[in-house]
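These notes concern the structure reproduced below.
The values are calculated or read from the model by the stated rules, or taken from the named source; none is laboratory data. Fair warning: this is a prediction, and the values are worked out from it, not measured in the lab. In this analysis, Cβ positions are derived from the backbone assuming ideal geometry, glycine residues included, and neighbour counts consider all displayed protein chains.
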Amino acid sequence: MTKIFKQLARHWAVCLVVFALLFVQAYCDLSLPDYTSRIVDTGIQQGGIESPLPETIRQSTLDALTLLMSEEDADALQNAYGYYLQDDGVLKLRTDLTDDERAALEDAVTTPDIVLYMAAAQAANTPAGQDTLGMTGLADMQAARTEAADTDTDTVTPSAEDLDTVCAQFAAMSQMPGFTREAVQQQLGGAFASLDDTLMENLKSQSMLLVQLEYEAQGVAHDVQMRYLYRVGGQMLGLTLLMAAVSIAVGFLASRVSAAIGRDLRRETFASVIGFSNAEIENFSTASLITRTTNDIQQVQFVCVMLLRMVAYAPILGIGGVLHVLNSSTGLSWIIVLDVAVLLLLILFLMNIAMPKFKIMQKLVDRLNLVSREILTGIMPVRAFSRERFEEERFDKANKDLMSTQLFTNRAMVAMMPFMTLIMNGTSLLIVWFGGKAMDAGTMQVGEMIAFITYTMQIVMSFLMLAMVAVMLPRAGVAAERIDEVIRTKATINDPGEAAAEPAQEHKNWQGEVEFHDVSFRFPGADSDALEHISFTAKPGETTAIIGSTGCGKSTLLNLIPRFYDVTGGSVTVDGIDVRNMPQAQLHDLLGYVPQKGVLFSGTIGSNLKFGGEHITDADVKKAAAIAQATEFIDAKPQGYESPIAQGGSNVSGGQKQRLSIARAIAKKPKIYLFDDSFSALDFKTDVALRRALKAETGDSTVIIVAQRISTVLHANQILVLDEGRLVGKGTHAQLMVTCPEYQEIARSQLSQKELALDTLNTEKEGE
């Protein structure tokens, strides 16, 4: 897991930007339910009225309100409107009021608003001709309203005319003998003192209704409501657009970071693998390296995106939602606590079930890739030995093992969704049930319940996102460990330090003389040496051949020159300089290597022949092809040297592939030619013609040939005979036929007595 966060830490600056953007996104996401609540409660139910203090008011209504206030509050209210008398008789609230002044006025006017609205409502439900205030008095208005509400008759909503009637009655009441503000305040204090908190909260909403009624009397109620809806709706739209833009930016940055991580991991993995010796390559299977470079890196990339987009966002959203819910006065916070507890239990249960399976999934992918690669590359032997059924069963087993594991984990993930849906729907049901009761009691409005449901869903979704990522993280963690294992594996063959490499770098006129000084070699982990005390010199202008029985170490000896392996004893030198003290690039520039099995790359014939370097010209390519006896089949193709080569050279024959590999080495014009049994795929005629042309081309170069056929090494200047890793013979063909029993045995197994006599005679003549 730490390996994933280590990769993210490389891009810490972008990650910080992403986190900042996620906070902005969360702010927008968490603000939208509040705006929805405001639109429903204030914009629709209250007609867009946000304050019990009207922005505009008629003089008659202002006078009625001031009668229900203390003298000090009445003066303050009058002053708040007094300087902005309009031509239509409507007063406008001053714009220079401070926040404290405005808050004080809102507190002062709330109770008068309630009383005035209740009086208007009572007037609307009182038979015409009756004096509303004289019938009940100020102290009995609420009781009368409650009694009217409890009856079976419908309650009439007050109108602007009812408000005007009440204002006129209040004006008349103020002129009656004995009227004082103190008496009115005492009556109101006694009336409201007997009310409980729930009822008082319900009554406070009526102060907004009075303002709405006043705006209706002015004929601006619709305009006020629409202005509020446009303003709040515009803010909501702006937040939505901002959230969308931020979400796009987060997705873009997260994708770039994950892509950069994938790019860096592939580059580092490739750089590590390309520098591996054969020992490291054999430590990791080819199938495993392919899986680690592709599937494993994809897993890490995907999880990095999820971490930046979901794991970082989910806690912000969840915590923000919980804080909003806890700060609300709905009394339903216990539902959130219950939700979180159930979700945590569900996540822990699923993780304990699925996590062990995720940890072994990558190994099963390796196994499937290994089996698939073996079957595809060995399809011909499979058919030849009629092992199709066996290989089908082997592939089927590897496939079923992976499938069963994937099915288990997928089922665990799928099972999570119904439970999450059940929790979400159950939560909504609880909120609606208990929220409905709260609305009936007057302690909650419709918008508040909508916002509460939205916040609850956000909290549940944040836990859902965390659960999904928590299940994916173990597999990605395993993948990251596997990738890191490749990157951390140090190559056993490395370039020398600057001081050690200085002689090689200063050497200019390379001749290509290769010398083995008492060389021994043992494979890593082996019990005995594969090569023992090998000493010889391969000189420029001469051909040195290496021959011996299968498994005697011929190819291993040749691989010590380009440092595919390093010697465990003795040394290999080129022009007297130890190859271990030469930069590998410099060493390989001197070599033209042809492997035992020809390897071609996807592209064209020309691109493969120019693989040795940019200095190779078209003329060099054609000359090399002619020497390698490849011109005939190249010219026979419609596109010639531009003919496509499939991956691995699968669209050419084995002999053609080998000739192209030889031509590739020749086109490079190296100082040293290394042929690892490269002529075995050629027929005798082509072999003879190629070696004759090659000898003319490589007159000044060192040629080292590993061969199985006597005919290939017959005319070599020096033949080395290996037997079980030991050098048992060294000399020309004629000399070895006299001095080396092992060579004689090989020759007699391949040549007739007549050919042996003829070859001996020809050799003697060439020596003369």
The correct count of residues that are within 26 Å of residue 647 (Cα to Cα) and assigned to a helix (DSSP H, G or I) in the stretch 376-393 is 11
*State whether one or more residues within the stretch 565-579 are in the same structural domain as residue 725 (by TED's automatic domain parsing), touching a Gly at 6+ places or on another chain (Cβ under 8 Å), in a helix (DSSP H, G or I) and charged (D, E, K, R).*
no
The condition of being within 26 Å of residue 689 (Cα to Cα) and small (Gly, Ala, Ser) holds, among 585, 625, only for 625
Of the residues in the stretch 694-708 that are closer than 13 Å to residue 671 by Cα and of a type in the set (Val, Ile, Thr), the one that is modelled with the lowest pLDDT is 698
Of the candidates 429, 464, the one satisfying the condition of being closer than 30 Å to residue 308 by Cα, in the same structural domain as residue 346 (by TED's automatic domain parsing) and not hydroxyl-bearing (Ser, Thr, Tyr) is 464
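Report whether or not residue 183 is assigned to a helix (DSSP H, G or I), assigned by TED's automatic domain parsing to the domain that holds residue 206, of a type in the set (A, V, I, L, M) and modelled with pLDDT under 80. Don't jump to the end; show me each part of the working.
Values: assigned to a helix (DSSP H, G or I): yes; assigned by TED's automatic domain parsing to the domain that holds residue 206: yes; of a type in the set (A, V, I, L, M): yes; modelled with pLDDT under 80: yes.
Taking the combined requirement at face value, the residue satisfies it.
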Conditions (1) under 23 Å from residue 480 (Cα atoms); (2) modelled with pLDDT under 80; (3) surrounded by fewer than 19 Cβ atoms within 10 Å (Cβ to Cβ) -> residue 349 fails only (1)
Restricting attention to the stretch 261-274, the residues that are farther than 12 Å from residue 300 by Cβ and either assigned by TED's automatic domain parsing to the domain that holds residue 584 or buried (at least 16 other Cβ atoms within 10 Å of the Cβ) (or both) number exactly 2
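Look at the stretch 536-548 and say how many of its residues are of a type outside the set (Lys, Arg), part of a loop (DSSP other than H, G, I, E, B) and surrounded by 15 or more Cβ atoms within 10 Å (Cβ to Cβ). Break it down stepwise before answering.
Going through the stretch 536-548, the residues of a type outside the set (Lys, Arg) turn out to be 536-538, 540-548.
If we keep only those that are part of a loop (DSSP other than H, G, I, E, B) too, we end up with 540-542.
Within this subset, residues satisfying the condition of being surrounded by 15 or more Cβ atoms within 10 Å (Cβ to Cβ) are 540, 542.
Going through the stretch 536-548 one residue at a time, the tally reaches 2.
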With criteria (1) outside any helix (DSSP H, G or I); (2) modelled with pLDDT of 75 or more, residue 169 comes up short on (1)
Scanning the stretch 564-604 for residues that are over 23 Å from residue 536 (Cα atoms) and hydroxyl-bearing (Ser, Thr, Tyr), the one surrounded by the fewest Cβ atoms within 10 Å (Cβ to Cβ) turns out to be 602
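Report the residue count in the stretch 276-319 for those that are part of a loop (DSSP other than H, G, I, E, B) and either buried (at least 16 other Cβ atoms within 10 Å of the Cβ) or not assigned by TED's automatic domain parsing to the domain that holds residue 30 (or both).
Start the filter on the stretch 276-319 by keeping residues that are part of a loop (DSSP other than H, G, I, E, B), which leaves 276-277, 284-285, 312.
Now drop any that are not either buried (at least 16 other Cβ atoms within 10 Å of the Cβ) or not assigned by TED's automatic domain parsing to the domain that holds residue 30 (or both), which leaves 276-277, 284, 312.
The number of residues fulfilling the criteria is 4.
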Only one of (1) closer than 26 Å to residue 280 by Cβ; (2) out of contact with any Phe, Trp or Tyr (no Cβ under 8 Å at 6 or more places or on another chain) does not apply to residue 516, and that is (2)
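Would you confirm whether or not the stretch 645-660 contains a residue that is buried (at least 16 other Cβ atoms within 10 Å of the Cβ) and on the phi > 0 side of the Ramachandran plot?
Residues of the stretch 645-660 that are buried (at least 16 other Cβ atoms within 10 Å of the Cβ), as a first pass: 645, 649, 652, 655-660.
Retained after the next criterion (residues that are on the phi > 0 side of the Ramachandran plot): 649.
Looking through the stretch 645-660, at least one residue is buried (at least 16 other Cβ atoms within 10 Å of the Cβ) and on the phi > 0 side of the Ramachandran plot.
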In the stretch 468-498, anything among the basic types (Lys, Arg) and outside any helix (DSSP H, G or I) is listed as 490
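Condition (residue is polar (S, T, N, Q) and more than 21 Å from residue 677 (Cα to Cα)) applied to the stretch 543-557: is it met by at least one residue?
No, because not a single residue in the stretch 543-557 is polar (S, T, N, Q) and more than 21 Å from residue 677 (Cα to Cα).
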Expected output for the stretch 732-746 (first residue assigned to a helix (DSSP H, G or I), partner surrounded by 19 or more Cβ atoms within 10 Å (Cβ to Cβ) and not hydrophobic (A, V, I, L, M, F, W, C), Cβ below 7 Å, 6+ apart or cross-chain) is 733/759; 736/729; 736/743; 737/743; 739/729; 742/729; 743/729
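Considering the stretch 515-535 alone, what residues qualify as being surrounded by 13 or more Cβ atoms within 10 Å (Cβ to Cβ), out of contact with any helix residue (DSSP H, G or I) (no Cβ under 9 Å at 6 or more places or on another chain) and either among the hydrophobic types (A, V, I, L, M, F, W, C) or at negative phi (or both)? Outline the logic, then answer.
As a first pass, look at the stretch 515-535 and keep what is surrounded by 13 or more Cβ atoms within 10 Å (Cβ to Cβ): 515-517, 519-524, 529-534.
With out of contact with any helix residue (DSSP H, G or I) (no Cβ under 9 Å at 6 or more places or on another chain) added as a condition, the list becomes 515, 517, 520, 522, 529, 532-533.
Within the stretch 515-535, 515, 517, 520, 522, 529, 532 qualify.
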task: Tell me, please, whether a residue that is assigned by TED's automatic domain parsing to the domain that holds residue 747, under 25 Å from residue 648 (Cα atoms) and not in a loop (DSSP other than H, G, I, E, B) can be found in the stretch 601-608.
output: no
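Scan the stretch 499-522 and tell me whether some residue there is in contact (Cβ under 8 Å) with a residue 24 or more places away in the chain, closer than 20 Å to residue 726 by Cα and part of a loop (DSSP other than H, G, I, E, B). Steps first, please.
Going residue by residue through the stretch 499-522, those that are in contact (Cβ under 8 Å) with a residue 24 or more places away in the chain are 500-501, 503-505, 507, 510-522.
Now narrow it down to the ones that are closer than 20 Å to residue 726 by Cα: 514-522.
After this cut, where a residue has to be part of a loop (DSSP other than H, G, I, E, B) as well, the list is 522.
For the stretch 499-522, residues in contact (Cβ under 8 Å) with a residue 24 or more places away in the chain, closer than 20 Å to residue 726 by Cα and part of a loop (DSSP other than H, G, I, E, B): present.
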For the stretch 68-81, pairs from a residue that is in the same structural domain as residue 116 (by TED's automatic domain parsing) to a residue that is among the basic types (Lys, Arg), with Cβ under 7 Å and 6 or more apart or across chains, are 70/181; 71/181; 80/94; 81/92
The one condition residue 375 fails out of (1) under 22 Å from residue 477 (Cβ atoms); (2) surrounded by 14 or more Cβ atoms within 10 Å (Cβ to Cβ) is (1)
Residue under question is residue 10, and the condition is that it be crowded, with 19+ Cβ neighbours inside 10 Å and basic (Lys, Arg); does it hold? no
If we ask which residues in the stretch 404-450 are buried (at least 17 other Cβ atoms within 10 Å of the Cβ), under 26 Å from the mean Cα position of the chain (by Cα) and not β-branched (Val, Ile, Thr), their number turns out to be 3
